[in-house]
Structure formats: structure tokens, C-alpha cells
Amino acid sequence: MYSFEDIKERSESDDELVVGYADAMELLYLFEQSDTQVIGWEGWLKYENGTLGHSQKYQGTVDLSAMPKTSAIALVKSTIMQANTEWLENPEVHNANLLFCITTNT
């Protein structure tokens, strides 16, 4: 288990939490244990040359701030799991990685 700080250090963005699947799942677990409200997520791509871009296929969720915290986290978790499974079976872009930008109230 990693701490929030450990995962934040691995984020691909200094301004946002943009992490791989395992770190995204860990973050959601940490947010469940805290007062952090998850607002949503969006898919990012990290290309072979290191550049980042937004996924056209994995748009994530709309603003979930009106949902109860546990419901929002459950929805984010299930949709990230689905996106990751689809990506592994048929990636949107070959030679790229799907990352998850998770937005919170903090």
C-alpha cells in the first residue's frame, strides 16, 4: 500500500493526479478512507515519446460532486476498471499507455 504522497510523486502532471491503473485504484481506496470527495476522472494517454494527451475514447465521467461520496467513488472505480479492461483487450492507440486523471475536491 502506498501513501497519497507516494502516488502524487508518480503523477505524470504536477497540477493534476494523472496515474496508471494500479495507482488510480489505490487512490480511490485512500479517498474512501478519508473525507475526500471524488469529482470524476478522464483518460489521458502517454505516448512512446513521453508526451501526454487526452484520450478520445475514454472520456471518464461528468462532474459527480452532487453524488454521495461513496456512490461517486464506486462509479469512478467501476468505470476506470471497465476502461482499463477494454484498453488491455484493444488499446485506443498502440505504443501508448492509458492513464487516469482523477479530480477531487481538494
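Summary of values
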quantity: Residues located in the stretch 92-103, provided they are open to solvent by 40 Å² or more (accessible area, probe 1.4 Å) and either among the charged types (D, E, K, R) or within 21 Å of L17 (Cβ to Cβ) (or both); calculated: E92, N97, T103
quantity: Count of residues meeting criterion [under 15 Å from N97 (Cβ atoms) and not basic (K, R)] in the stretch 1-41; calculated: 10
quantity: Matching option when the condition is in contact (Cβ under 8 Å) with a residue 24 or more places away in the chain, touching a helix residue (DSSP H, G or I) at 6+ places or on another chain (Cβ under 9 Å) and more than 15 Å from W87 (Cα to Cα), among V18, V38; calculated: V38
quantity: The stretch 40-91, residues that are among the small types (G, A, S), open to solvent by 60 Å² or more (accessible area, probe 1.4 Å) and within 24 Å of D14 (Cα to Cα); calculated: S65
quantity: Checklist (1) among the charged types (D, E, K, R); (2) more than 18 Å from S3 (Cβ to Cβ); (3) open to solvent by 90 Å² or more (accessible area, probe 1.4 Å) applied to D35, failing item; calculated: (2)
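The values are calculated or read from the model by the stated rules, or taken from the named source; none is laboratory data. From a predicted model like this one, the values you see are computed outputs, not experimental measurements. Glycine also receives a Cβ, built like all others from the backbone with ideal geometry; neighbour counts cover every protein chain displayed. Quick note on the areas: whole protein, heavy atoms, side chains included, nothing else; ligands and nucleic acids left out. Shrake-Rupley method; radii C 1.70, N 1.55, O 1.52, S 1.80 Å.
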